[in-house]
Amino acid sequence: MAVETRGVLFEYGLSIPPLALVFNFNPQEISRSRTVTVKTGNAPGSRGGYDFLSPLETSRVAQGVEMNAESFSIDILLDATDALNDGEAIAKTFGVQPQIDTLRSMAEPKSQGPGGVKVLSSLGLSGTRAFEKQETASVLVFAWGMQLLPVFLTGVTQKESMHLPNLMPYRAQMGLTMQVIESANPFFLADKVRQTVGAALNLVSGFQTG
């Protein structure tokens, strides 16, 4: 049985228009991925790491490590059926197209517009020629349950399944791929603290049940 939870994806910054989307998704189907490259060198007589005898020597087993940013993907369903049944004007005319447009805008590059706010580069409101634009990606925050992560939206796939008479979609399956922004920002640091506490709680729980 599918268990749905509410997720929120919003842009962290000053932009025109402000970008935010609230949606339901199944957290059991979220896919998270992290890869780590360990540099072990080519010392004679050792494969996959250097020699060690005690815990104090484990720091020299590898010559270094390179950790890639975590990425994850989710599928969400945008459905305006309830809004249509309630007679909402926007849904009756546009279906879920506004939500789709929000996701597409989150994935597109931004440039600095009047007053320092960010606008879609494709609108051409930055006042500079195309080859002079300073384009940036939207910094987004993905929140669900007790988790709050800063991300870039790196991929959006769209499959429309139901349409209004004007061919605007009122039901669409969206696939979102995100990359976590792993830097000294308040969201990521808070998540690392939560992760550290979680690991400690797991150790305590292990001793209590052992």
>> Using the basic label-point model (7 angstrom from Cα toward the beta carbon), what is the Asp86 to His163 distance in nanometres?
In response: 2.7 nm
> With each pseudo-label sitting 7 Å past Cα toward Cβ, what's the Gln173-Ala190 distance in nm, one decimal?
Replying inline: 3.3 nm
>> Using only the alpha-carbon atoms of region 144-210 as identical scatterers, what base-10 log of I(q)/I(0) does the Debye formula give at q = 0.26 Å⁻¹?
In response: -1.07
> In square nanometres, what is the average projected area of the Cα convex hull of region 24-112?
Replying inline: 11.8 nm²
> Once you put a point 7 Å from the Cα of Leu56 and another 7 Å from the Cα of Ser183, both along the Cβ direction, what distance in nm separates them?
Replying inline: 4.0 nm
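Student exercise: in the chain, how many lysine pairs 8 or more apart or on different chains have Cα atoms under 21 Å apart? Don't skip to the answer; put the middle values down first.
Values: Lys92/Lys159; Lys110/Lys118; Lys110/Lys133; Lys118/Lys133.
Here the count comes out as 4.
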> Gaussian network model of the chain, Cα springs within a sub-10 Å range: biggest mean-square fluctuation belongs to which of Arg194, Arg34, Arg47?
Replying inline: Arg47
> What is the helix-to-structure angle for 97-107, meaning the angle in degrees between its Cα long axis and the longest Cα principal axis of the chain, kept from 0 to 90 and rounded to the nearest 10?
Replying inline: 40 degrees
> Which of the chymotrypsin sites (Phe, Trp or Tyr not before Pro) found in region 133-185 are in a DSSP loop and have at most 10 neighbouring Cβ atoms, other than their own, within 10 Å?
Replying inline: none
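Could you give me D for the chain, from Stokes-Einstein at 4 °C and 1.567 mPa s, where the hydrodynamic radius is the Kirkwood radius over C-alpha pairs? Units µm² s⁻¹, please. Display every interim value, and only then the final one.
Details: Rh = 20.8 Å.
For these conditions, the coefficient is 62 µm²/s.
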>> Only four residue types carry charge here, +1 at the Cβ of Lys and Arg and -1 at the Cβ of Asp and Glu. Report the dipole size of the chain about the Cα centre in Debye, rounded to the nearest 20.
In response: 440 debye
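Would you calculate a helix-derived [θ] at 222 nm for the chain, using -39,500 (n - 2.57) for each DSSP H run of n ≥ 4 and dividing by the full residue count, to the nearest 500? Don't skip to the end; give the middle numbers.
Numbers: 4 runs with 46 residues, N = 210.
Theoretical 222 nm ellipticity from helices: -6500 deg cm²/dmol.
Please go through region 1-78 and write out the chymotrypsin sites (Phe, Trp or Tyr not before Pro) that DSSP classes as loop and that have at most 14 other C-beta atoms within 10 Å. Could the numbers behind the result be given before it?
Working: sites: Phe10, Tyr12, Phe23, Phe25, Tyr50, Phe52, Phe72; in loops: Tyr12, Tyr50, Phe52.
When the chymotrypsin sites (Phe, Trp or Tyr not before Pro) of region 1-78 are filtered for loop state and at most 14 Cβ neighbours within 10 Å, Phe52 remain.
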>> Just to be sure I understand: with springs between alpha-carbon atoms less than 10 Å apart, which residue in Pro44, Pro27, Pro18 has the highest mean-square fluctuation in the Gaussian network model of the chain?
In response: Pro44
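Please give the contour-minus-distance gain from Leu203 to Thr136: 0.36 nm per residue of separation, less the Cα-Cα distance, rounded to one decimal in nm. Write down the numbers at each step before the final one.
On the way: separation 67, 0.36 × 67 = 24.12 nm, distance 4.17 nm.
This chain segment gains 19.9 nm when fully extended.
Read-outs: derived from the displayed coordinates by stated rules, not from any lab. On a predicted model such as this, the values are computed, not experimentally measured, just so you know. So basically every Cβ, Gly included, is an ideal-geometry build from the backbone, and we count neighbours across all protein chains shown.
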